[in-house]
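Comments concern the structure below.
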Amino acid sequence: MLKAHNLTKRFFGLVAVDNASIDVPEGSITGLIGPNGAGKTTLFAMIAGFSPPNEGRVVFQGDDITTEKPHLRARRGLARTFQIVQPFAGLNVRDNIAVGAYLHTKDPTEAKRRATEVAEKVGLGRELDKLASGLTIAGRKRLELARALATRPKLLLLDEVLAGLNPSEIRDVLPIIRKIREEGVTILMIEHIMQAVMNLCDSVYVLSQGKMIASGEPKVVCTDPAVIEAYLGHGAAARMQAEGAAHA
Amino acid sequence: MTKNFELILALAFLALLAVLALVGLPGNILNLFIFMMIVALTAQGWNMLGGYGGLSSFGHAAFFGTGAYTTTILQTTFGINAWIGLVCGVALGALVGALIGFLSFRAGLKGSYFALITLAFAEVLRILANSWDFTGGASGMMVSLKNSFWDLQFADRRYFFLILVVFVVLGLFLTRWLERSAFGAYLIALRENDQAAQALGVDIFRIKMQAITLSAAITSLAGCLYVQNFLFIDANVAYGSWISIEALFAAIVGGAGTIAGPLIGSVLLLGLGEITKSFSGGIPGIDLVVFGIILVLCVAFAPNGVRGYVADLYRRRMNRPPSSPKIV
Amino acid sequence: MYSPIIIFEALANGLMLGAVYALIALGLTLIYGVLHIVNFAHGALLTVAMYAIWLAFEKFGLDPYLAILIVTPLMFALGYALQRFIIGPSSHGSDNGILLVTLGLSIVIQNLLLAGFSSDTLTIATDYAFGVVPIGPLLLSLPRVIGLGVSLLTALLLWFVLNRTDIGKAIRAVAKERLGASLVGINVAHVYAMTFALGTACLAIAAGLLMPTFYVSPTTGAAFVLVAFTIVVLGGMGSILGALIGGLLIGVVEAVFSLFLGDSLGQIGIFLIFILVLLVKPTGLFGARG
């Protein structure tokens, strides 16, 4: 469904993303993990059209959209959430979500009805009339999700929707994400919380210092020495193996 | 306080003014009312872009003046009917709005940069109008007195006031429509967060273009009507910063991004200005001192203007949570 | 056509006027660079300083250049108070709030001056106003030569304050990273007000340099404010060097346009440059910030 190939992004000589490629098959939940500062959000920004890549191509459902503006990608069915939540603070929850719904209907009543529907799906049904600025962090994350869903995406890009949530809140959101996929939406998610990645993702990509260092099934990738070293530092994998041997 | 209630209150207030005017008011009060309506209409135009779109223009004089000059030149130089002049004035004003918008929004200007560039455009037009012959240069232009409905002039000024009220009512309905429409939702969304709006499929350039064109059209309509009342303009009146300032002040003091805000603001400001002038014995500029102080007080204590302040008071009495301050 | 002498004189005049423009813009760009605000009251504050210089001359017979020494600390104090007690608290830190508050202030100041002094234009008559300095074949106006010299000196002084004093270091720290500066114990509200005060103090010097040859009315500063904004945008918002070079450039442009188009249309050149810079390169010639 989405093929992003050989993407490179440079900021004033600093290479944030270096020749990274990612394939998201239709119907999958694909994860993108990596240590802080690896370039995950930059890669996302290129895929969603907020930051043009210096090199590489983004292909969505067979069409090259590398230089297409974000709003046109949204119309193709590519929706994203933001890591740092970006609510329309002065609007209530229903009107926030309705902005997404207007992509497919110009009728305000219909847009608000759909907004209500989506809000219930993500568990915001009781806070429809609350101002977005009055929501908790967990509420705002749900609002990000709801707004993106209201555009009826085919591919949903989730940028750390679980970050900042407590364990019980995470437990509540996981089934929602699974349900979204069951309804036919393909998902690409950046996530730090490994419990969630192991739980949800069919396959994961690991980005470290701008380079894609591993990809595959979550369980396999987690034991990849290169991945362990990326997270825990040089030599960590060897030490862990040695410790493992000693315990045995 | 629902939106419809707000609309009805505003309509009732205007109806009251209209009845008062018809029953009979002293000439100077009627003139004040006429001026209030012209400023209200200008501010309604400003509110579309500055209030709902969050793009504060410091140069709405560019549209006001274009409307005013267009209809004046068409009437005096070409002998064209005033109503046709009015339509042309609105069209040309909208065009100038679209042009300024195209240049500014394509360059991605917003915030203080947008405020400054609109001010600069208005100043360029003012200097040009002040030196070109076909705008009458520094001596300005007069529209000859005709006094007939067909010429949009009235010996009895009450009728002119009523026409102004009709336009302000149309402005209210237009604003109400905007609040309810997909266009309005997109406009508010890009005001609150333009990145998030884009991510949701909003073509922010197109929405801003539509907003500035609509906004400019309404403000240039006010400019046309100004000429029909005063029958004289020069560059400092038509393109002077005074009208940019009054439009902005009225909208913000009344409540930017609300239906009745511009009307409330212009009635309040001009009313207060008149009162201070009469109490101070006509010291020049004293009314503007009051305007300025009120603006600062509003930004400090009532970020949503008088309209927002009243709504918050009402909500507090009904024990509902107050709306948080909005970034205009 | 004009003789080369006239053109050269126009250029020299432009440079000298530009130096005073630069001084006004210096204050504006300093405030922008640190507080990240567009100070719309800058022009009105210039008018205040000009009236102060005029009063000092008219009531106490003080020479405008000497009056600078008294008016500068007064304007410094006024600037400090305005930012600390009015602009800072009332704007809640939002950009739009600051823009509107400073706009409101400028309207208040301008019209208080109108109420106090009426709209008459006031001038100062000094015996050196028409003095000339012969440089080669050019005859340059003495007050303008002084203006150029003092403006450059002030810029140097400002550079020294910013780079060699404690408050200067605090100002630069706050400009770079407000939160970090406050974490190491810098009083940000105080530094903001000091910056605003420094920027306002520049206006007192500019006023003293302008008054011998210029006039003052309540709207005089408003005429300068867009010129100053043009310079600031041209030089890059927040760049001191940019303001200096931008100021000189704009002075020359105005002189040349006025020579060929006449005084009233001459100003158009400035606005067109302003619009063009904003549209094409809003970061200016020397600005790093986007």
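Every read-out reported here was derived from the displayed coordinates using simple, explicitly stated rules and does not represent laboratory data. What you see is a predicted model; the values in this text were computed from it and never measured. With ideal geometry, Cβ positions are generated from the backbone for all residues, glycine too; neighbour counts draw on all protein chains shown.
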Check A:M189: other-chain or 5+ apart residues with amide H under 5 Å from its amide H, H built from backbone geometry? A:T30, A:G31, A:L32, A:L158
Along each principal axis, Cα extent of the stretch B:28-97, largest first, Å: 40, 35, 16
How far apart, in nanometres, would the label points at A:D129 and A:A242 be if each is projected 7 angstrom from Cα along the Cα-to-Cβ direction? 6.5
Among C:P73, C:P218, C:P134, residue whose mean-square fluctuation peaks in a GNM of chain C (springs only between Cα atoms under 10 Å): C:P134
Volume per residue (Å³) of the convex hull spanned by the alpha carbons of the stretch C:122-242 is 138
Give me the percent relative contact order of the stretch A:2-223, please, defined on Cα pairs under 8 angstrom at least 6 residues apart. 28
3J(HN,Hα) from dihedral phi, the stretch A:15-22, Karplus parametrisation 6.51/-1.76/1.60, rounded to Hz, x for glycine, proline: 8, 7, 10, 10, 6, 8, 10, 8
Once the mean of 1/r over all distinct C-alpha pairs in the protein assembly as shown is inverted, the Kirkwood radius in Å reads 29.9
For B:K110, counting only lysines whose alpha-carbon sits under 18 Å away and dropping same-chain residues fewer than eight positions off, the answer is B:K208, B:K326, C:K281
Students often get this wrong, so check it: of A:K121/A:K141; A:K9/A:K211; A:K9/A:K141; A:K121/B:K3; B:K277/C:K59, which have C-alpha atoms separated by over 18 Å? A:K9/A:K141; A:K121/B:K3; B:K277/C:K59
What's the exposure ranking of A:T109, B:T213, going from fewest to most Cβ atoms within 10 Å? A:T109, B:T213
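Considering all alpha-carbon pairs of the stretch B:235-297, what whole percent are spaced by more than 16 angstrom? All intermediate terms of the calculation are to be shown ahead of the outcome.
Working: 922 of 1953 pairs.
That tail contains 47 percent of the Cα-Cα pairs.
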Tell me, what HN-Hα J-couplings in whole Hz come from the Karplus equation 6.51 cos²θ - 1.76 cosθ + 1.60 at θ = phi - 60° for each residue of the stretch B:203-211, using x for Gly and Pro? 7, 5, 4, 5, 5, 5, 4, 5, 5
Estimated distance in nm for a label pair at B:W242 and B:I29, the labels positioned 7 Å out from Cα along Cα-to-Cβ: 2.4
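How much FRET efficiency would the formula 1/(1 + (r/R0)^6) give for C:F260 and B:F78, where r is the Cβ-Cβ distance and R0 is 35 Å, rounded to 0.05?
On the way: r = 32 Å, r/R0 = 0.93.
That gives a FRET efficiency of 0.60.
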Average partner chain C-beta neighbours within 10 Å, per residue of A:125-135? 2
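In square nanometres and to one decimal, what's the mean projected area of the convex hull around the Cα atoms of chain B? It would help to have the intermediate numbers written out before the result.
On the way: hull surface 68.2 nm².
Mean shadow area of the hull around the Cα atoms is 17.1 nm².
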Residue among B:S112, C:A44, B:G171 farthest towards the positive dipole end of the protein assembly as shown, charges placed on Cβ: B:G171
Say each of C:K176 and A:R57 gets a label point 7 Å from the Cα, pointing the same way as Cα to Cβ; how far apart are those two points in nm? 4.5
Let me know the mean shielding of A:74-81 by other chains, meaning the per-residue number of their Cβ atoms within 10 Å of its Cβ. 3
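Compute, for the stretch B:3-317, the length of the dipole vector about the Cα centre, with Cβ point charges of +1 (Lys, Arg) and -1 (Asp, Glu) only. Units Debye, rounded to 20. Present the calculation step by step, with values, prior to reporting the outcome.
Working: 17 positive and 14 negative charges, 129 e Å.
Computed charge dipole of the stretch B:3-317: roughly 620 debye.
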Convex hull over the Cα atoms of chain A, averaged projected area in nm²? 14.4
Dividing the alpha-carbon radius of gyration of the stretch C:1-86 by 2.2 N^0.38 Å (N being the number of residues), what value is obtained? 1.40
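Give the percent of DSSP beta bridges with both residues in the protein assembly as shown that are antiparallel, rounded to the nearest 5.
Numbers: 27 of 43 bridges.
Bridges in the protein assembly as shown that DSSP calls antiparallel: roughly 65 percent.
Could you compute Rg(Cα) / (2.2 N^0.38 Å) for chain C, with N its residue count? Present the calculation step by step, with values, prior to reporting the outcome.
On the way: Rg = 18.7 Å, N = 290, 2.2 N^0.38 = 19.0 Å.
Expressed relative to 2.2 N^0.38 Å, the Cα Rg reads 0.98.
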For the stretch B:3-317, calculate the relative contact order in percent as a whole number, restricting contacts to Cα pairs under 8 Å that are 6 or more residues apart. 32
Row for the stretch C:116-163, column shape: gyration tensor on C-alpha, a ≥ b ≥ c, rounded if a/c < 1.5 i.e. under 1.5, prolate if a/b over b/c, else oblate; value oblate
Non-local residues with an amide H under 5 Å from the amide H of B:F232, with H modelled 1.01 Å from N and Pro and chain starts lacking one, are B:V143
To the nearest 20 debye, what charge dipole does the protein assembly as shown have about its Cα centre, counting +1 at the Cβ of each Lys and Arg and -1 at the Cβ of each Asp and Glu? 1640
Integer Hz, Karplus 6.51/-1.76/1.60 couplings in order for the stretch C:33-47, x for Gly and Pro: x, 9, 8, 6, 10, 8, 8, 6, 7, 4, x, 4, 5, 4, 4
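Sorting B:W242, B:W46 on the 10 Å Cβ count, fewest up front, what's the list?
Working: B:W242 14, B:W46 31.
So the ranking, lowest neighbour count to highest, is B:W242, B:W46.
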Just tell me how shielded B:283-292 is by partners: mean number of partner chain Cβ atoms within 10 Å of each residue's Cβ, no decimals. 6
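Just the ratio, please: alpha-carbon radius of gyration of the stretch A:11-142 over 2.2 N^0.38 Å, N its number of residues. Provide the component values of the computation, followed by the final result.
Numbers: Rg = 17.1 Å, N = 132, 2.2 N^0.38 = 14.1 Å.
The reported ratio for this selection is 1.22.
Using DSSP, restrict attention to beta bridges with both residues in the stretch A:2-223 and report what percent are antiparallel, rounded to the nearest 5.
Details: 20 of 36 bridges.
Counting DSSP beta bridges with both partners in the stretch A:2-223, the antiparallel share is about 55 percent.
Give the order of B:L99, C:L35, C:L45 when sorted by the count of other beta carbons within 10 angstrom, beginning with the fewest. Mind dumping the intermediate values first?
On the way: B:L99 15, C:L35 25, C:L45 29.
Ascending Cβ contact count within 10 Å gives the list B:L99, C:L35, C:L45.
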Taking the square root of 5 times each eigenvalue of the Cα gyration tensor, what semi-axes in Å does the equivalent ellipsoid of the stretch C:52-168 have, largest first? 32, 23, 14
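If I take R0 = 45 Å and measure r between the Cβ atoms of B:S144 and A:L14 in this structure, what FRET efficiency does the formula 1/(1 + (r/R0)^6) give, to the nearest 0.05? Intermediate values should be presented prior to the final figure.
Details: r = 69 Å, r/R0 = 1.53.
In this case the efficiency is close to 0.05.
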Mean-position separation - Cα centroids, the stretch A:131-164 and the stretch B:246-279, in angstrom: 39
To the nearest 0.05, what FRET efficiency results for C:A129 and C:W159 with a Förster distance of 41 Å applied to their C-beta separation? 0.85
For the stretch B:18-159, what does the alpha-carbon gyration tensor say about shape, rounded, prolate or oblate, given a ≥ b ≥ c as the root eigenvalues, a/c under 1.5 as rounded, and a/b over b/c as prolate? oblate
